[in-house]
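Quick notes on the structure that follows.
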Amino acid sequence: MNAELAKLLDLQSKDEALKALDERLGEVARDEQALDAQLSDAVRALDTAERSVQDASRRRDELAGKVTDYRRAQAQREQRLDLVQKPKELAAVNAEIDLARGVLIKEEGELARVDGELAGASERRTGAERTLAELRAGQATARGELAERRRTIDDERAAAAAERERSASQLDRPLRTRYDRLRKLRGTNIVVPMRNAACGACHTTIPTSRRAQLRGGLLLEGCEGCGVILYSGEAAG
């Protein structure tokens, strides 16, 4: 086998091993993101519930203040009845009291309604707090396992990357540059065998004059169709 071909195939195998480790890291990241998404949903639900409580509490305070003012004013009107002597004035005060009573009843009803809203919002907030706490507790084990998986894969990857660099350092610089450039562009299938007189990657037919040289292990050619580094499967045997 061509000595440079052997080095290339060794380097490619180490790059594939690194790729597999990166895919495993990607799986860990996706699992972590899924947990984060669940947590984010729960946090958003709690934030929404908290805003509902704050809004209802603000409206309740405003209405309670208005109702207090209306009740105080109504009490003052009723006290005026003791001071009024003329029938006409008495009728006017009574009409004012009746009108104000209607307004007061309406505001008291609205206050009761908002009290109900506040109670409901408070219950939802309590439920959201409980859900978030339970979710965090439930995720603790899963996150610990994911962190351990990540540490293990990171250690494996560091060792594999060091092995990869040792293999890459054995290549002639021009060939390594060529390989690394193709790896960056293609990501995989950089060094491929000729199959049935064609490129094993894109199936472009290889000219007859180059086939014999490839079979003899004399050349590491670039495919005219896709640019990969070609070799003869027979030469690798």
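Every read-out reported here was derived from the displayed coordinates using simple, explicitly stated rules and does not represent laboratory data. Computed from a prediction, not measured in an experiment: that's the story for all the values here. Cβ coordinates were reconstructed from backbone atoms using ideal geometry, including for glycine residues, and neighbour counts include every protein chain displayed.
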Scan of region 149-176 for residues that are aliphatic (A, V, I, L, M) and either touching a residue at least 12 places away in the same chain (Cβ under 8 Å) or farther than 14 Å from residue 11 by Cβ (or both), ordered by number: 153, 158, 159, 160, 161, 168, 171, 175
query: Out of all the residues in region 30-45, is one or more surrounded by 13 or more Cβ atoms within 10 Å (Cβ to Cβ), more than 30 Å from residue 122 (Cα to Cα), among the acidic types (Asp, Glu) and under 44 Å from the mean Cα position of the chain (by Cα)?
result: yes
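Given the residues 112, 121, which is the only one that is surrounded by fewer than 13 Cβ atoms within 10 Å (Cβ to Cβ) and within 25 Å of residue 59 (Cβ to Cβ)?
When all the criteria are applied, what remains is 112.
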- prompt: Can you tell me which residue in region 56-104 is farthest from the chain's Cα centre (by Cα), limited to those that are free of Cβ contacts under 8 Å to residues at least 24 places away in the same chain and under 30 Å from residue 132 (Cα atoms)?
  reply: 61
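Yes or no: residue 161 under 32 Å from the mean Cα position of the chain (by Cα) and surrounded by fewer than 18 Cβ atoms within 10 Å (Cβ to Cβ)? Can you show your working first?
Details: under 32 Å from the mean Cα position of the chain (by Cα): yes; surrounded by fewer than 18 Cβ atoms within 10 Å (Cβ to Cβ): yes.
Taking the combined requirement at face value, the residue satisfies it.
Given the structure, is residue 82 of a type in the set (Asp, Glu) and more than 30 Å from residue 45 (Cβ to Cβ)? Steps first, answer last, please.
Details: of a type in the set (Asp, Glu): yes; more than 30 Å from residue 45 (Cβ to Cβ): yes.
It is true that residue 82 is of a type in the set (Asp, Glu) and more than 30 Å from residue 45 (Cβ to Cβ).
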